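Enquirer: Have a look at the structure that comes next, please.
The values are calculated or read from the model by the stated rules, or taken from the named source; none is laboratory data. What you see is a predicted model, and the numbers here were worked out from it, not measured in a lab. Heads up, the Cβs are rebuilt from the backbone with ideal geometry, glycines too, and the neighbour counts pull from every protein chain shown. Side chains included, ligands, DNA and RNA excluded: accessible areas come from the protein's heavy atoms. Shrake-Rupley method; radii C 1.70, N 1.55, O 1.52, S 1.80 Å.
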Number of protein chains: 2
Amino acid sequence: MAKKSILQQQRAAYQPKLPAVLWGPVKAVLGKPTESVADHEAIKRLFPVTYGLPELTFVKADEPVEQPAAINVGVILSGGQAPGGHNVISGLFDGLKALNPDNRLYGFLMGPGGLVNHNYVELTGDVIDEYRNTGGFDIIGSGRTKLETVEQFDKGLEILKKLGITALVIIGGDDSNTNAALLADYYERNNTGVRVIGCPKTIDGDLKNEQIETSFGFDTATKVYSEVIGNIERDCNSAKKYWHFIKLMGRSASHIALECALQTQPNYCIISEEVEAKQMSLEQVVDGIAEVVAERGNRGLNYGVVLIPEGLIEFVPEIKSLIKELNEFLGVEENKAAIADMTPEQQREFVLAGLTAAALATLHKLPDNVANQLLLDRDPHGNVQVSLIETEKLLSTMVGARLAKMKEHKKYKGSFAALHHFFGYEGRCADPSNFDADYCYALGYNAAQLINCGVTGYMSSVRGLTKPSSEWVAGGIPITMMMNVERRNAQDKPVIRKALVDLEGKPFKVFASKRDEWARETAYLYPGPIQYFGPSEVCDLPSRTLWYEQN
Amino acid sequence: MAKKSILQQQRAAYQPKLPAVLWGPVKAVLGKPTESVADHEAIKRLFPVTYGLPELTFVKADEPVEQPAAINVGVILSGGQAPGGHNVISGLFDGLKALNPDNRLYGFLMGPGGLVNHNYVELTGDVIDEYRNTGGFDIIGSGRTKLETVEQFDKGLEILKKLGITALVIIGGDDSNTNAALLADYYERNNTGVRVIGCPKTIDGDLKNEQIETSFGFDTATKVYSEVIGNIERDCNSAKKYWHFIKLMGRSASHIALECALQTQPNYCIISEEVEAKQMSLEQVVDGIAEVVAERGNRGLNYGVVLIPEGLIEFVPEIKSLIKELNEFLGVEENKAAIADMTPEQQREFVLAGLTAAALATLHKLPDNVANQLLLDRDPHGNVQVSLIETEKLLSTMVGARLAKMKEHKKYKGSFAALHHFFGYEGRCADPSNFDADYCYALGYNAAQLINCGVTGYMSSVRGLTKPSSEWVAGGIPITMMMNVERRNAQDKPVIRKALVDLEGKPFKVFASKRDEWARETAYLYPGPIQYFGPSEVCDLPSRTLWYEQN
């Protein structure tokens, strides 16, 4: 039986494109000392050694460079999967081997937990070759253990020392890179001789800023989602009888929904950041959709596509308050104890009695099943399980009810039948697009150069991403530069500031200028599946978001 | 704003490959008279004029052929969408134009209803060029109106006469082709001068037999599903913490599930035909999955992928009986009237009181929400709405309960968390794979030649499909040859015999010989997205089902 699909076999031979500056020896050019995006003093206190480091840019070395002594390096995949992780690792491997063929690379297994628990494997050329240009994180696995405590740092140091590892590359999202910076500072100020480099990963696209243009995986994942959304749009436009409500992964920002909207031109797309900025109620969100359904329906167009960001309901102010109130009420130990032995019906009554009038009013607007979910389904900490709420069904149910009312008032004469989809797992482990394959390989290759420079607390940075890859700029950004202080669980914490959809940014502006037309007309675009071979304009296309941001 | 995606723009230039025999003039070679697959006399009575026609094969004409007089032709898309429908039409158009540039093609809108209601459009070269090699049926739309009555036939004839149409091509599944045959015979025996040709369409893959090797759309749709299943498998194998229950479209046969299993090598795949053949109970189906989950879980592998054919529960004998009983009970007018004004709770009691002990026993095994769905949710005819039942959640719930029991008895020590997916609409309108683009174009081009021969009641047939397309054999198969009589709604009806998964066939045998290994090991194959450019072994691959059937 085949062990690899034919596409995988062919794709293994793809040689990712590298920025020209990284072909051969480089030298580092340092900029001026940097500052964090906010809370300078607080961040400086938390990162006494690595705060304020300069930005670093590589240029070609103007004279021959001596081969550095061989080193051992460790690598960790942290958090949710994103297409291209394997290419960061293969780029890192090739970059290290180019510096000194005796360099060795170790992978810690199943995420940061592998460092703490001393589970690792050596990544040799044979292993790396099996994973070039493939999706998934299965080469060493990933996990969600947070590296935060001194005990974890010290436990990790034991195995790093034992393996003679002097540099660790952590591939992760904003939280994982924040922790990479904490680890970097701790190891540096304790003179352990271990440097830490981060790499920007997340399909959600919310790890980006002036220095980091995009996180890897966003490009591929949104292309997979756009492929299937486009297929559904074409089905919708052929059958002409359903409204498809499509929820897209991404809880804390709506970059994925926005990118997919730009790629597929659906009839409606909700951007959570706009809902919050306009302080919209759930009814207003529902009315917005219902109006489009009615306007089309009254012209005989009883079909359409609606895109919904997974995190929407946490951005609706009234629901956000309700959830906060529920979490606080059940966070109280005596309340938690009180409901432990109650029947669901008693629990319901008990919780209802503890809510404010405003929260009750919000609750009463919701369909019964959602209200019950909020009242009854909790995680072990007593928190509402927001991710279990089927927002796509919630909205279609409420839209259906709204349309029924409009029909009574003769404002709607169409028919409404809804179908539901949720896309997330379909895209996180796709084989990386050429863009992500190239970008990730460059991030990893560049990380090897950062290690070779002897720096720590930097994130690997490759920029100018809508230009041809040969012109991409490579270097390193001090992670502290992206940080501010946020209050989480009643504590001040340093965190990399999350990039939400910028309502003044070009991608949103383009969307906003077109959405009325897309609502009325059937202006669907069908991007089709990711192509790995063929014309460059098909295969090497960057995301629309990145394109509009830079052009 | 773009009207077409970049891939669409590039793909428009693709020239589908045609069997060499169809390059230039052909002549028809007729075989011996044929017989229906069963019920010869009954079928013969129903098709007095078109029964027993010979098979027809095209060979290259050995002498120059005179240009035939110009004709007008109509085309209809019938039933659910399938990738490649537009290429059947563009092939038909090009085939007609090659015969005589003055030939004209009309499309009837939104399915067979367009013929009856006289809604049509002329398909000129400009229109056709917009749709070459694209997915969807949006060029003229599709619909599910069944052409069955003499009134419909006569109403259709009016518009055919008015437009001077002497041949009609109906692109559809088994039912639509059955009706095409009825229409052909009716028009022929009434000397209307209108011929009817069918084309085999359905993603379900259940319209195939010795003469028709596969229906179009199956190849593309299963490739899209396999792409996302492969991505989910890779996610599963990276995160190592979820069991994914994936339901796949296709109610009456499990070809889609089987093909996707062959392409992706999941840990479990249910084949409905096997469940029925082995007379398995729902518990046995659940036990089969639970055992695999437990065996893997006991080795620390708390993850996996299960494929479920949409129609499964109708193949489980006890559920089939239960549904039949419910439908019969509520088909009785007085029962239907009795429940009309009842509350749901009263309805429930009333229906329960009317069921046999066996049906009640089956009902009690089901989770409450499914039992309620069966008891309460009905279509306007009083029938249980089987397609609304979320079989993937039903099974995971029951598997979870079974595992909890096994844990009590110390037979299972793993953890079980399930995620659910349903793939259907994602694949029906994808841009056709090269295989479907070529096959469909050939079917349409060939249909023009069948029309030119003057035959009626034939299905366009292109064979030898795992050979290079230049070697494909083209011709026509009398539709009556595929028919038998089945009892439907208390009436004997002629129908094309549906092709279920053959438990003695090579595709199933290969699956059956490997499934234990796939259950135990993590042997996932990641097919990746359909490629339209690049190496032929990547782009022109036929389905595994077809490959195993022919090699």
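Enquirer: For B:ASP126 and B:SER321 in one chain, what is 0.36 nm times their gap in residues minus the Cα-Cα distance, to one decimal in nm?
Expert: Stretched out fully, the B:ASP126 to B:SER321 stretch lengthens by 64.9 nm.
Enquirer: Dividing the Cα convex hull volume of the stretch B:80-157 by residue count, how many Å³ per residue is that?
Expert: Per residue, the Cα convex hull of the stretch B:80-157 comes to 93 Å³.
Enquirer: Can you give the % of DSSP beta bridges in the stretch B:79-219 that are antiparallel, to the nearest 5?
Expert: Here the antiparallel bridges make up roughly 30 percent for the stretch B:79-219.
Enquirer: OK, next. What is the helix-to-structure angle for A:218-239, meaning the angle in degrees between its Cα long axis and the longest Cα principal axis of chain A, kept from 0 to 90 and rounded to the nearest 10?
Expert: The angle comes out at about 30 degrees.
Enquirer: Additional query: Could you tell me the center-to-center distance, by alpha carbons, between the stretch A:96-134 and the stretch A:291-309 in angstrom?
Expert: For the stretch A:96-134 versus the stretch A:291-309, the Cα centre distance is 50 Å.
Enquirer: To the nearest 10 Å², what's B:MET398's accessible area with a 1.4 Å probe?
Expert: B:MET398 exposes around 30 Å² with every protein chain in place.
Enquirer: Still on this model: How would A:PHE329, A:PHE511 line up by accessible area, probe 1.4 Å, largest first? Show your work: numbers first, answer last.
Expert: Numbers: A:PHE329 35, A:PHE511 5 Å².
Of A:PHE329, A:PHE511, the descending order of accessible area is A:PHE329, A:PHE511.
Enquirer: Another question, if that's okay. Determine the distance separating the Cα centre of the stretch B:473-551 from the Cα centre of the stretch A:254-280; give it in Å without decimals.
Expert: Cα centroid of the stretch B:473-551 versus Cα centroid of the stretch A:254-280: 40 Å apart.
Enquirer: Here is a follow-up. In whole angstrom, note down how far apart the Cα centers of the stretch A:415-432 and the stretch B:1-64 are.
Expert: Using only Cα atoms, the two centres lie 37 Å from each other.
Enquirer: Over chain A, what is the mean sequence separation of C-alpha contacts under 8 Å (at least six apart), divided by residue count, expressed as relative contact order in percent?
Expert: With pairs under 8 Å counted, the relative contact order is 25 percent.
Enquirer: Once the label point is placed 7 Å from Cα along Cβ, list for B:ALA13 the distances to the corresponding points in the other copies, in nm, shortest first.
Expert: 2.3
Enquirer: Let me ask something additional. Using a label position 7 Å from Cα in the Cα→Cβ direction, what is the ascending list of nm distances from A:LYS509 to the same site in the other copies?
Expert: Here the equivalent label points are 6.6 nm apart from this one.
Enquirer: Let me ask another. Kindly identify the protein assembly as shown as rounded, prolate or oblate by the Cα gyration tensor criterion: order the square roots of the eigenvalues as a ≥ b ≥ c, call it rounded if a/c is under 1.5, otherwise compare a/b with b/c, prolate if a/b is larger, else oblate.
Expert: Prolate shape, in that a/c is at least 1.5 and a/b is the bigger ratio.
Enquirer: For the stretch A:463-526, just say rounded, prolate or oblate: build the C-alpha gyration tensor, square-root its eigenvalues into a ≥ b ≥ c, call rounded for a/c under 1.5, and beyond that prolate if a/b exceeds b/c, oblate if not.
Expert: It is oblate, given that a/c is not under 1.5 and a/b is not larger than b/c.
Enquirer: Ok, one more. Residues of A:518-531, mean number of Cβ from any other protein chain within 10 Å of their own Cβ, rounded to a whole number?
Expert: Working: counts 1, 0, 0, 0, 1, 3, 4, 8, 11, 5, 13, 12, 6, 10.
Taking the mean over all residues of the peptide, I get 5.
Enquirer: Report the charge-dipole magnitude of the stretch A:456-523 in Debye, nearest 20, computed about the Cα centre from +1 at each Lys and Arg Cβ and -1 at each Asp and Glu Cβ.
Expert: That gives a dipole near 140 debye.
Enquirer: Would you calculate the separation in nanometres between label points at B:LYS32 and A:THR343, each defined as 7 Å from the Cα along the Cα-to-beta-carbon direction?
Expert: Label at B:LYS32, label at A:THR343, 7.5 nm between them.
Enquirer: Further question on the same structure: So what is the calculated 222 nm ellipticity per residue for chain B, using -39500 (n - 2.57) for each DSSP H run with n of 4 or more, over all residues, to the nearest 500 deg cm²/dmol?
Expert: -13500 deg cm²/dmol
Enquirer: Show me, for the stretch A:439-455, the HN-Hα J-couplings you get by feeding each phi into the Karplus relation (A = 6.51, B = -1.76, C = 1.60, θ = phi - 60°), rounded to Hz, glycine and proline as x.
Expert: Running phi through 6.51 cos²θ - 1.76 cosθ + 1.60 with θ = phi - 60° gives 4, 5, 4, 5, 4, x, 4, 5, 4, 4, 5, 5, 4, 4, 6, x, 8 Hz.
Enquirer: Looking only at other chains, what is the average number of their beta-carbon atoms within 10 angstrom of each beta-carbon in B:424-436?
Expert: Numbers: counts 4, 13, 10, 4, 6, 11, 9, 8, 0, 1, 0, 0, 0.
Mean inter-chain Cβ contacts per residue within 10 Å come to 5.
Enquirer: Additional query: Would you mind working out the magnitude of the charge dipole of chain A relative to its Cα centre, with +1 at each Lys and Arg C-beta and -1 at each Asp and Glu C-beta, to the nearest 20 Debye?
Expert: Using only the charged Cβ atoms, the result is roughly 940 debye.
Enquirer: Can I ask one more? Relative to the other copies, what are the label-point distances for B:PHE350, with labels 7 Å from Cα along the C-beta vector, expressed in nm at one decimal and sorted shortest first?
Expert: Sorted ascending, the copy-to-copy spacings read 3.9 nm.
Enquirer: Closest beta-carbon to the A-to-B rotation axis: which chain A residue owns it, and what is the separation in whole Å?
Expert: That would be A:PRO529, 2, residue then distance in Å.
Enquirer: Then there's this: In degrees between 0 and 90, to the nearest 10, how far off the longest principal axis of chain A does helix A:85-99 point, with axes built from Cα atoms?
Expert: It is inclined by approximately 10 degrees.
Enquirer: Considering chain A, what Rg and Dmax in Å follow from its alpha-carbon atoms?
Expert: Rg then Dmax for chain A, in Å: 25.0, 82.
Enquirer: Still on this structure: Rounded, prolate or oblate: which fits the stretch B:335-463, taking a ≥ b ≥ c as square roots of the Cα gyration tensor eigenvalues, rounded meaning a/c under 1.5, else prolate when a/b beats b/c?
Expert: oblate
Enquirer: If you put +1 on each Lys and Arg Cβ and -1 on each Asp and Glu Cβ, how big is the dipole of the protein assembly as shown around its Cα centre, in Debye rounded to 20?
Expert: For this selection, approximately 340 debye.
Enquirer: Hey, another quick one. Need one number: convex hull volume per residue for the stretch B:380-442, Cα atoms only, in Å³.
Expert: That works out to 187 Å³ per residue.
Enquirer: What figure, in Å² to the nearest 10, do you get for the accessible area of A:THR356 with a 1.4 Å probe and non-protein molecules left out?
Expert: 70 Å²
Enquirer: Evaluate peptide B:538-546: per residue, the Cβ atoms of other protein chains within 10 Å of its Cβ; return the mean as an integer.
Expert: What the average comes to for B:538-546 is 2.
Enquirer: While we're looking at this one, here's another question. Taking the 0 to 90 degree range and rounding to the nearest ten, how far is the long axis of helix B:317-331 tilted relative to the main principal axis of chain B, both from C-alpha atoms?
Expert: 70 degrees
Enquirer: Could I ask something else about it? Apply the Karplus curve 6.51 cos²θ - 1.76 cosθ + 1.60, θ = phi - 60°, to the phi angles in the stretch B:150-156 and return the couplings in whole Hz, x for Gly and Pro.
Expert: Listing the rounded values in order: 4, 4, 5, 4, 5, 5, x Hz.
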